[in-house]
Structures are given as C-alpha cells and as structure tokens.
1. Give me the pairs: first residue in the range B:540-558 and within 10 Å of B:T313 (Cα to Cα), second residue surrounded by 14 or more Cβ atoms within 10 Å (Cβ to Cβ) and among the basic types (K, R), beta-carbon distance under 7 Å, and six or more apart or on different chains, which are they?
2. Give the residue that is nearest to B:P307 (Cα to Cα), with candidates limited to residues of the range B:483-507 that are in contact with a Phe, Trp or Tyr (Cβ under 7 Å, 6 or more places away or on another chain) and within 12 Å of another protein chain (Cβ to nearest Cβ).
3. Just give me the residues in the range B:238-274 being part of a strand (DSSP E or B) and either in contact with an Asp or Glu (Cβ under 8 Å, 6 or more places away or on another chain) or surrounded by fewer than 18 Cβ atoms within 10 Å (Cβ to Cβ) (or both), in sequence order.
4. Tell me whether the range B:96-109 contains one or more residues that are without any contact (Cβ under 8 Å) to a residue 60 or more places away in the chain and among the aliphatic types (A, V, I, L, M).
5. Could you list all residues from the range A:243-280 that are within 13 Å of chain B (Cβ to nearest Cβ), β-branched (V, I, T) and more than 30 Å from A:I177 (Cα to Cα)?
6. Of all residues being acidic (D, E) and in contact with a strand residue (DSSP E or B) (Cβ under 9 Å, 6 or more places away or on another chain) in the range B:237-276, which is farthest from B:I116 (Cα to Cα)? Just the residue, please.
7. Take the residues in the range A:186-195 that are closer than 20 Å to A:T111 by Cβ and assigned to a loop (DSSP other than H, G, I, E, B); name whichever of them is nearest to the other protein chains (Cβ to nearest Cβ).
8. Which pairs have Cβ atoms under 8 Å, sit 6 or more apart or on different chains, and link a residue in the range A:1-17 that is surrounded by 14 or more Cβ atoms within 10 Å (Cβ to Cβ) to one that is among the aromatic types (F, W, Y)?
Amino acid sequence: MRAFIIYGLKRLGQFLLVVFIGVNIAYIITHATPIDPVEQSIAAVTAYGNTSPEAIDLMRESLRELYGLKGSPLEQYATFWRRIVTGDFGPSLSSFPTPVMTLIARALPWTAGLLLTSTLLTWMLGNLLGGLAGYYRDNKTLKLIGVIAMGLHPVPYYISGFVLLVVFGYIWPILPITGGSDININQQFDLNHVVSILKHSILPAASLMLIGIGSWFLGMRSLVSNVVTEDYVTYAQLGGVSHQRILFSYVMRNAMVPQVTGLAMTLGTIFNGAIITEQIFGYPGIGALLVGAVYAGDYGLVLGVTTFSIIGVSAAVLLIDLIYPLLDPRVEAS
Amino acid sequence: MKIKRIMSRVVAAIGIGLCTLPAISTAQSAFSDLPRNETLILENPEGTIKNAGWFNIWAISGGGQSTGLHQVGMDTFWYIDPEKGLDGVWDNSLASDKPIYNADFTEMRVKLRKGIFWSDGVEFTAADVVYTVETQIKNPAMRWGAVFNLNVASVTAPDPTTVVFKLKKPNSRFHALFTVRWNGAWIMPKHVFEKVADPLKFDFANPISLGAYVMKSFDPDGKWYIWQLRDDWQRTSLGRFGKPGPKYLVYMDPGPPEKRVIAQLNHQLDVVHDIAPEGMFTLAKQSKTSLGWFKGFPYGHPDPTLPALIFNTQNEMFKNKDVRWALALLIDIKGVSMASYRGAATISAIGIPPTGTHPSVYHGPMQDWLKAFEVDTGKRKIKPYDPNMGKEIADSLRPSMGAQIPTDRKQIDAAFGMGWWKPNPTAAKELLEKAGYKKVGAQWMTPEGKPFTIRVMVEGDTRPIMTRAGSMIVQNWKQFGIDAKVDVAQGTLPTRRSAGDFDTFIGWSVETWGGHPDLSYFLDSWHSQFVAEVGKPQPARNWQRWANPELDKIIETIRTIGFDDPRGIELGKEYVKLITREMPIIPLMAYNVFTVMDETYWKGWPNSANPYANPVPNWGNSRYMLVKLKPAK
C-alpha cells in the first residue's frame with residue numbers, strides 16, 4: 001500500500017508538472033498570435049459603421065486600457081497565473097466583459113453530453129463487435145462488419161457528417177441539421193426539451209460513431225486475434241469451458257487493457273470539443289467556442305479552453321496510471 | 001448460436017432506432033409553437049453568438065448585433081437607403097426633419113418626432129439623445145464614445161423635441177453618425193441605463209425596444225433570436241409606413257453554405273443573407289420560389305462597397321504609378337469575374353461601387369471621359385478603356401445561361417457593369433520598362449535587380465469570392481513573368497491590414513451610401529492627415545496608405561460644403577479622375593451579395609425591378625422591407 005501511495009504521489013507530481021508546462025506553452029502560443037484582439041474589435045466596429053480615423057485611434061487606446069492589455073508582458077503573465085489558481089480566466093475579449101468561465105460553463109455541457117455519450121457508445125459497440133469478430137473469425141456477418149469498418153475507418157469526420165446531412169436533412173428530411181434544440185422551445189427541464197436535444201444530437205453523434213466504431217472494432221479484433229492463440233485459451237477450450245466465458249472472461253478482459261487506456265485518453269480530449277462536427281452541424285459546444293475565439297484573437301478564451309483540455313488529458317492519463325495496477329494484476333505499483 | 005443471438009439483438013436495436021426516427025423527428029419541425037405563416041426567418045450572418053444574452057449594443061464586442069437587435073430593436077435620427085427607399089432615399093426616422101446646421105457647420109440642430117415610445121411605454125424624448133451622447137463621451141471605450149469625444153463640445157435639449165449639438169470644430173457631415181447605412185449611432189434608453197453603475201458592463205438583458213418589434217425569446221447558446229411585433233407598433237418610426245407583415249421575426253444561424261441551401265429548399269429559411277455563387281445557382285435551379293435581387297443572372301444585390309486590388313503604396317515596389325498601371329493592364333477582368341462570381345459580378349473601372357445612384361451619377365456620365373482617357377507608356381499613348389467589357393461578359397455567358405442573360409444594354413450595364421481596362425501586356429511591358437523594371441529570361445526584375453515578387457493577400461475561405469479573385473489575378477501576373485503568390489491571411493487579416501503588413505490585398509477601402517452620391521463616407525478617411533507611418537497601425541479606410549495633395553484638396557473642399565450640395569458630385573468626379581490616373585487601388589467590382597428570398601410564405605420582396613429597400617438582412621435598413629411583405633398563403 002505504501003508503495004502505491006508513493007507511486008500515486010509521484011504520478012500526481014508529474015501531472016502537475018505537465019499541466020504547468022502545458023499551460024505555459026499555451027500562454028506563449030496564444031500571446032504570440034499575430035491576431036490582435038483590439039484590432040479585431042475595431043475591425044468589427046469599422047467594417048460597416050461610419051467612424052473617423054481620429055476616433056479609431058482614441059478607441060484603440062480606450063480598448064487597450066479596458067481589456068487590460070497595457071501592462072508589461074511580465075505583469076500580464078503574473079496576472080494570468082494569479083487568476084488561474086483561483087479558477088478565473090478573466091474576461092473574454094471578444095465578449096467583453098463576460099468571464100471566460102461563464103462562456104465555457106455554457107458550452108461544456110453540450111460537448112460533454114454529445115462526446116461522452118457517443119464516445120462510450122462507440123467504445124462499447126466497437127469493442128464488443130471487434131471482440132466477437134476476433135474470436136469468431138469465420139462468421140460471415142462479422143466478416144462483413146469488418147469490411148465495412150475497414151472502409152469507414154479512414155473516412156474523415158466531415159465527409160461522414162456531410163453525407164448524413166444530405167441524406168437526413170435533404171433527401172429524407174427527418175432530422176434537424178442545425179443547433180442543439182428546437183427554435184423557441186421552452187428551455188426548461190421537461191420531456192419536450194429533452195426529446196428536442198436528443199433529436200438534434202442524433203446526426204452529430206452518428207457522424208462521430210460511424211467512424212469511431214470502425215477504429216475500436218479494428219483495434220479490438222487485432223488484440224483478440226492475438227489473445228485467442230495464447231496457450232491458456234487453448235487450454236480452456238480443451239477443458240470444456242463455455243465459449244461465452246472464454247470470450248468475455250479470458251480473452252476480452254485481457255485484450256481490454258489498451259482499449260481502456262484509449263478510452264480514457266479519448267474522454268480526456270472531450271474538453272477540446274468535436275471542432276469539425278460542431279461546425280458542420282452548428283452544434284453548440286467547446287469546439288465552436290474555440291474556433292470563434294481563435295478567429296477573434298480572444299486569447300483569454302483560447303487559454304481557458306486549452307487549459308481545460310490540458311487538464312482533461314493529463315487527468316485521464318493520471319487516472320489510468322492509478323487504476324492500471326487494479327485492472328491488470330501483472331502491473332505492480334512498485 | 002450465441003453470436004447469432006447477439007447480432008440479431010444489435011440489428012433489431014438499430015432497426016427500431018431507424019423506425020422511430022421519423023416519429024420523434026416530426027419532419028424537422030424546428031419551431032415549437034410559432035405559426036409559420038406569421039413568421040419570417042432570416043439568416044444572421046454573425047453566426048452563433050457566444051455571448052447570447054448580451055444586448056448592450058453600445059459596448060464594443062459585447063454580443064451580437066445582427067440578431068435583429070439593430071435591425072428592428074434600435075432607431076436613430078435618419079436612414080439613407082442604398083436603393084430607392086420606400087418614400088425616397090432619405091428617411092427622417094426619429095428626427096422629424098433633416099439636420100439643421102449653422103453657417104460654419106459648428107452647430108447641428110435636430111427636431112424630433114413626437115409620439116414615439118419605447119416598448120415599455122416610456123416616451124422617447126430629447127433627454128434620451130442627450131444621455132446617449134454624454135454617457136458615451138464619459139466612456140470612450142463605448143461604440144460611439146471616441147467619435148462623440150472628438151466632435152461634441154456640448155449637447156443640450158432646449159425642449160423635449162429639440163436637440164442642439166455644439167461641435168468642437170466645423171463638421172458638415174456630423175449628421176452621418178446618426179444616419180443609418182448598415183448602422184448608425186443608436187439611441188439609448190435613458191430611463192434604463194441611468195440606473196446602472198457602469199454602462200460598459202451592463203448586459204441590457206430583456207432589452208426594451210425603440211423599433212417596431214420587441215425581443216420575445218432567444219437561445220442562450222446564440223443560435224436564434226425571436227422578435228415579436230409590438231402591439232403599439234404605430235408608436236414607432238416604422239409605423240408611418242403601415243403595419244409590418246410578419247408578426248414574428250426569427251434571426252438564426254443556419255450554419256455553413258450547404259446548410260443554408262438545404263434550409264431554404266426545405267422552406268425553413270426565408271432569407272439567406274449571402275452564399276457562394278454555386279449555392280445561388282443551385283437554389284435558382286432547384287427552387288421555384290427562391291429569388292435573388294435580379295430576376296435572373298447575376299442574381300446578387302450589389303452592395304455599395306467596392307472590392308479592389310489594394311496596393312500598399314508605402315511599399316517601394318508600388319510607389320510608381322506606372323507600375324500600378326502596368327499591373328492593372330495585366331488583369332483579365334472577364335477571368336476575374338468568372339473565377340470570383342462565376343460571371344455574376346458587376347464590374348467597375350472607377351473607384352465608386354456600381355450600385356444605387358452611382359451608375360447614373362458617376363459611371364454613366366463619365367463614360368466619355370473614360371473613353372478618351374490616355375495612359376503614357378513611355379513609348380506611346382494608349383486608350384486603355386473598353387466600354388463594352390460588361391457586355392462581353394454577358395455575351396460570353398449567354399450560350400450557357402440562355403435567356404437569363406439580358407440583351408438590353410441598360411439591363412446589361414446595371415447587372416454586369418459597363419466597361420473596364422482591356423488587358424494589354426505590351427503596354428504593361430512598356431510601363432514597367434519605363435519604371436526601370438526589366439525582364440531577365442522569363443522573370444521580371446525590379447530596378448534594384450531583385451525578382452519582382454508580389455504577394456496578394458486574401459482572406460481565405462471566410463470570403464471565398466475575393467479569395468478566388470485574388471487567385472485569378474495572381475495567375476494573370478504569373479503568366480506575364482511576375483513572381484506573384486497568393487497570401488492567405490485568414491483571421492489575421494484585420495491585424496495585418498491595419499499594420500500595413502502586405503504587398504497588395506483584395507478588399508475594399510471604398511464604400512458609399514449607395515443611395516446618395518456624397519462620397520465623404522469613405523473619402524474623408526483618405527486624407528493624408530490620417531496616413532500612418534510605416535509599421536504603425538493605419539486607421540480605416542485608406543488601407544493603401546496613399547497620400548496625395550490633390551486628393552487632400554478635394555476632401556478639404558467637400559468638408560466645407562453641405563451634404564446635398566451639387567458641387568459634391570463634381571468633386572466626386574474629380575476624385576474619380578485622380579485615382580484613375582494614379583491607380584492607388586485597382587477597382588474590380590461591386591460586392592454582390594447573394595441574398596436569396598423565398599416566396600413560399602412571404603411575397604413582396606424588394607428586387608431590381610422594385611428596389612424599395614435593401615434586402616440584405618444584416619443591414620439596419622432592411623427593416624423597411626418588413627412593411628411591404630405580405631403572407632403568400
């Protein structure tokens with residue numbers, strides 16, 4: 001137990017170091033962007049409106065002061081870390097003065113709901129079918145699924161999304177193609193709203209799952225194909241253990257370890273959002289928020305989203321490292 | 001057996017899922033309870049508003065503005081229609097008359113309408129105007145704060161319907177701040193904002209309205225905003241023109257272009273704001289109810305904005321007008337029109353958009369001058385203008401587009417533009433040689449002996465039309481032996497444009513009222529007093545950073561005459577002649593906006609035959625079409 005605690009503390013230290021380095025890199029990159037948020041704001045104002053050049057100079061000065069961009073780089077860096085340790089990323093510069101955290105908190109449930117559900121479903125279906133296909137290698141249906149998975153696997157998200165969009169939005173228009181719920185729906189927690197949200201999530205989720213299942217399927221099939229040739233599996237078969245037990249308790253359990261790692265890593269990236277999917281389906285979420293922030297040069301918001309992502313992926317790795325010894329007895333904390 | 005059982009369960013689950021889809025989907029009904037025949041659905045080109053609940057339009061970058069907020073929720077003194085207008089181009093909106101200036105333009109007096117009310121029942125008065133100006137003077141980071149600070153010495157309300165502005169210096173165009181061309185300085189509700197500690201940090205949630213509609217509901221995730229016609233719509237400035245047709249307005253983000261097409265084909269989007277030419281052509285072909293500004297080709301509404309190739313004239317390569325002219329004579333405008341708009345462009349050789357009043361005031365009357373205009377190549381004088389270029393574009397399209405292409409010359413001029421510069425590589429060669437450039441092998445070299453390399457900055461996929469135009473121009477120059485490259489700026493464009501970090505770029509530094517011939521809207525900003533030093537941010541709009549004493553004189557004279565003074569047109573023509581000679585920008589065409597309107601639920605749309613309003617739905621001026629729209633069913 002002591003060894004496990006020491007191991008856990010070491011891993012926690014590594015986690016904090018990774019987060020610190022990651023956030024610093026993100027800070028440097030976002031502040032090195034050639035996009036100036038003040039110029040973006042001014043461009044938005046002057047793109048159509050009638051503003052004299054002298055007024056623009058005055059506006060530029062006023063906005064720099066308002067956005068807190070006037071201090072030295074070191075002062076700005078210190079302010080950033082002061083804020084971040086209290087969970088405050090400051091105001092969004094492209095939605096001033098709304099706090100970055102408010103915008104993230106509004107977008108995150110959409111992304112988490114969509115990606116958590118689709119990732120878990122994809123993982124379960126892909127692994128189940130892949131496990132079956134690796135074990136029952138002569139089954140024609142599973143072979144066919146294998147061919148389909150192989151074909152779908154390299155298709156980019158945006159292609160599958162676009163196909164679904166055309167099929168279910170235009171040729172057979174039965175599903176909504178934009179937004180997170182119906183226009184003018186009462187956004188209370190009631191059945192209508194829940195059904196509306198589910199309905200709007202079908203196409204984006206399907207576009208992610210179509211491709212994702214293929215990936216998990218192929219991975220699991222390869223792993224199981226290797227495991228079934230192990231001596232203990234042959235021995236179990238000779239010993240008359242049922243196929244179901246061999247498959248689920250002996251073969252798939254052993255093959256699951258790398259898949260669980262993969263799942264944790266994938267869940268960690270939820271905080272990145274499904275940028276392309278959210279763009280294609282106009283789905284509200286972190287990805288869409290991030291794209292808008294990059295275009296606007298809103299580095300406060302970009303940093304906020306990126307920090308969540310860094311923490312998400314690092315925490316997933318940490319979690320996996322901590323539970324690995326529990327999942328696989330061959331791995332010991334020492 | 002087990003595997004079969006598992007598989008059959010999976011297949012059954014998928015089957016049940018597919019069968020229940022139609023049941024739960026109710027055929028894409030996007031609305032829970034709005035009667036479709038009373039609802040007008042318009043695209044908000046701002047997309048999804050990430051800070052959806054922010055309605056304080058006087059704070060910069062706080063939230064959305066084309067969400068219906070500035071089109072139907074706001075109001076100000078005057079509107080100028082970029083087309084003909086409901087009752088003329090000029091509309092006295094909150095003002096009851098035109099601005100009244102004193103002799104030296106240091107005072108502007110405004111008489112206000114009586115009987116205009118905010119949606120919460122409070123009467124609009126001069127006190128609101130005084131509050132709007134004084135609050136923004138105190139807060140220069142507010143949208144009109146800087147410009148009020150620079151202009152207004154004092155603002156007073158001698159009575160509830162009179163406002164008097166004392167100006168810090170003479171300004172014959174001060175009223176333009178309160179005149180809507182897309183937007184204007186919107187009036188704040190004093191009785192709401194005066195209770196707020198910091199007007200910059202107040203979200204103005206549940207906004208009250210001065211327009212004919214009031215906010216009904218909105219999506220907290222910023223996808224849609226619904227506005228409802230006020231019961232007391234007669235007590236708004238729009239009420240003078242009758243009851244608006246739609247009871248509800250939905251401003252929504254329909255997503256990328258392909259989804260806008262699908263949405264309109266499914267009759268779920270009445271007004272597409274803009275779309276690539278291919279999308280327009282698809283809608284024209286597949287939907288009998290979809291209409292553009294023109295009945296047929298080229299469909300789009302020419303905005304009073306002039307996409308051009310803009311030289312960075314502070315760059316050594318482009319200081320010589322002979323070089324600029326040589327590059328203009330290498331451009332094949334027919335190719336640019338085809339590449340950018342698939343031929344659906346309205347070309348312009350002069351530095352004024354070919355839209356609104358301008359073709360009849362500038363383009364048409366200046367044809368003789370353009371035909372006689374000569375360029376000295378150093379070896380000879382050429383007359384570069386081809387008055388039939390627009391007609392030639394129309395003729396080249398006729399075999400594939402058939403009867404959609406007009407044959408009447410007036411219609412061709414209106415739709416495709418009049419003339420442009422005839423490509424003349426020989427003259428371009430002579431001009432470059434005159435400027436000291438020479439060709440070594442297949443490559444043109446600068447007078448310093450370096451390869452003549454030009455980057456053409458374009459925005460990228462966010463503005464495909466101009467990106468395609470830039471790519472075609474690069475091709476034209478490359479074929480001649482110039483090392484031209486496309487430089488895709490994407491989101492960095494505003495920053496780079498302001499910093500002068502470009503050789504040339506495709507954009508606009510010319511935009512006008514459209515419906516009024518006065519050019520000060522953009523021209524004042526071209527005065528040399530505003531040209532920034534190399535490396536410093538250039539204030540909008542003289543992105544070419546061009547300074548010219550002759551131009552300064554024109555601008556200074558315009559500043560001293562009234563807005564409607566006919567001398568303004570003559571000075572405008574002088575400006576055209578000057579920049580044609582000097583070519584600091586190469587004017588290309590109008591920014592044609594493919595606004596597509598669906599007649600399934602609403603009829604009475606404005607179009608080129610009945611140009612009573614600008615249909616482009618993010619313009620504040622688009623509110624005027626609401627009173628002409630009637631249910632189609």
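The values are calculated or read from the model by the stated rules, or taken from the named source; none is laboratory data. Bear in mind that the values here come from a model prediction, so they are computed numbers and not experimental data. Here the Cβ positions follow ideal geometry from the backbone for every residue, glycine too, while neighbour counts run over all protein chains shown.
1. B:W543/B:R497
2. Among those that are in contact with a Phe, Trp or Tyr (Cβ under 7 Å, 6 or more places away or on another chain) and within 12 Å of another protein chain (Cβ to nearest Cβ), it is B:G507.
3. Taking the range B:238-274 and keeping what is part of a strand (DSSP E or B), we get B:248-252, B:271-272.
Of everything in the range B:238-274, those that are part of a strand (DSSP E or B) and either in contact with an Asp or Glu (Cβ under 8 Å, 6 or more places away or on another chain) or surrounded by fewer than 18 Cβ atoms within 10 Å (Cβ to Cβ) (or both) turn out to be B:Y248, B:Y251, B:M252, B:V271, B:V272.
4. Yes.
5. Matches in the range A:243-280: A:I246 only.
6. The first filter runs over the range B:237-276 and keeps only residues acidic (D, E), leaving B:253, B:258, B:270, B:274.
Now restrict to residues that are in contact with a strand residue (DSSP E or B) (Cβ under 9 Å, 6 or more places away or on another chain): B:253, B:270, B:274.
Details: B:D253: 32, B:D270: 30, B:D274: 34 Å.
So the residue we want is B:D274.
7. A:Q187
8. Close Cβ pairs (under 8 Å, with a partner that is among the aromatic types (F, W, Y)) do not exist here.
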